[in-house]
Amino acid sequence: MTYRIAYTDNAEAERRSLTAERRKLFENGMAALAQDPYGCGSGPVRGDHDRRDATVGNVAFVTYLVSRSVVTVTVVKLVPLP
C-alpha cells in the first residue's frame, strides 16, 4: 500500500527551499517512505507509533504523522541537513 504524502505549510516551504538536486534526492526518499512509513530508518517520537522521525535521502530530517485510516503521511516538520 502506498501512502499519500502531505505537508504542513511550514514543511512545504522548507521543501521548496531545497535546491533542485537535493529536492530530487528528498522526493526519492519520500517515495520510499510512502511505501513503508514505519520503516525506512524511522523511529517513533516519545513512544507514539504513528508520530515518527526520519532522515530522508541524507537531505532532510522530518517529523511526520501516519494516518492509517486515510492512508496519509503528513510531514509536520522538515529540517534541511547542511
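General remarks:
- Per residue value of the accessible surface for the range 1-77 (all protein chains in place, 1.4 Å probe), Å²: 58
- Angle in degrees between helix 20-35 and the longest Cα principal axis of the chain, rounded to the nearest 10: 10
- For T2 and R51, the difference between the fully extended length at 0.36 nm per residue and the C-alpha to C-alpha distance is 15.9 nm.
- Mean separation of Cα pairs under 8 Å and 6 or more residues apart, divided by the residue count, gives the chain a relative contact order of 36 percent.
- Descending semi-axes in Å of the chain, equivalent ellipsoid built from Cα gyration tensor: 19, 13, 12
- Full-stretch length increase - A20, V70 - with 0.36 nm per residue and alpha-carbon distance subtracted: 15.0 nm
The values are calculated or read from the model by the stated rules, or taken from the named source; none is laboratory data. As the structure is a computational prediction, the values presented were derived from the model and not from experiment. For accessibility, only protein heavy atoms count, side chains too; no ligands or nucleic acids. Shrake-Rupley method; radii C 1.70, N 1.55, O 1.52, S 1.80 Å.
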